[in-house]
Ligand code: A2P
């Protein structure tokens, strides 16, 4: 599982970076990593993913986020991004929305292989296994780019050691936006080592809200109608066995949290583990 680190490609020693636009370059600010983009993939006109080199000294827990920026200004804009890759990966992966006129994503969506990405050094976040009490079934409830921290977690062998069942729930407006989670699921299922660990444990439940799809509707409505549970063939949320993580917009978090609390689940944190945790999917 723990692959050998590739020889370092990152621009540690350089003081000037290639910006996303290519034309202008600014000195790298102090105290950030400068990493090189290794892959970019656009799923739709709203969502894309990119991969970068990983600093040898960068350690994080699956599910955490870091602050990302571009060397395109004297004082670059930084935004929080969940690391979508697992802790054992020798590269870093991020999943991003493209916000027209967004102070970072307007430029970030134009990055190409070889461009430089800035990354603050300290990862943090609450969507970590340590913030949950032990349980049997783990629900990972996401909308849009909120699936990113779960992309990390479902590729972490620890998750399959700690839970009997891991249910990744992803809702998007359009069907094409669901491709990232589908690919992830297939990647895990077909992975040399993870495939075996995840077999019979990992399940994907995806739905679209603005286009026809076999599973239709918001996660909140699917919980209220009981369709989520009947489709999965499981009993409703039970604090004795079920654990959950929520990641999406502010409104989605609030509404989903209300449902979990209705069933008796209690929000936890790193220093006070409990039966569910939440984090906002950051945009801009
Ligand atoms: P809808 O299409 O009904 O707005 P967005 O891209 O705006 O973040 O939305 C991603 C997905 O989250 C969409 O499918 C959207 O459904 C859904 N969504 C938006 N708000 C909520 C909410 N308060 N509760 C549950 N799902 C939501």
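Some observations on this one:
- Residue 159 vs. criteria assigned to a strand (DSSP E or B), touching a helix residue (DSSP H, G or I) at 6+ places or on another chain (Cβ under 7 Å) and more than 14 Å from the ligand (Cβ to nearest atom): no
- In region 209-220, residue nearest to residue 258 (Cα to Cα) [restricted to those that are within 7 Å of the ligand (Cβ to nearest atom) and outside any loop (DSSP other than H, G, I, E, B)]: 220
- Meets criteria (surrounded by fewer than 21 Cβ atoms within 10 Å (Cβ to Cβ) and over 15 Å from residue 32 (Cα atoms)) for residue 63: no
- Flag if residue 125 is touching a helix residue (DSSP H, G or I) at 6+ places or on another chain (Cβ under 9 Å) and closer than 30 Å to residue 76 by Cα: yes
- Listed by first and then second residue, the pairs with beta-carbon distance under 6 Å, at least 6 apart or on different chains, first residue in region 244-256 and farther than 15 Å from residue 224 by Cβ, second near the ligand (Cβ under 6 Å from one of its atoms) and assigned to a strand (DSSP E or B), are 248/143.
- Residue that is in contact with a strand residue (DSSP E or B) (Cβ under 9 Å, 6 or more places away or on another chain) and at negative phi, where the choices are 208, 251, 240: 208
- Per the listing 166, 147, the residue uniquely assigned to a strand (DSSP E or B) and either within 16 Å of the ligand (Cβ to nearest atom) or surrounded by fewer than 24 Cβ atoms within 10 Å (Cβ to Cβ) (or both) is 166.
- Conditions (1) in contact with a strand residue (DSSP E or B) (Cβ under 9 Å, 6 or more places away or on another chain); (2) over 22 Å from residue 253 (Cα atoms); number of the one not met by residue 199: (1)
- Residue pairs meeting the criteria (Cβ under 6 Å; at least 6 apart or on separate chains; first over 14 Å from residue 83 (Cα atoms), in region 110-130; second modelled with pLDDT under 95): 110/20; 111/20; 115/18; 115/20; 116/11; 116/17; 116/18; 116/71
- Reported count of residues in region 231-277, each being within 16 Å of the ligand (Cβ to nearest atom), crowded, with 17+ Cβ neighbours inside 10 Å and over 19 Å from the mean Cα position of the chain (by Cα), is 4.
The values are calculated or read from the model by the stated rules, or taken from the named source; none is laboratory data. The structure displayed is predicted, hence computed values, not measured ones. When we count neighbours, we look across all protein chains shown, and the Cβ atoms used for this are built from the backbone with ideal geometry, even at glycine.
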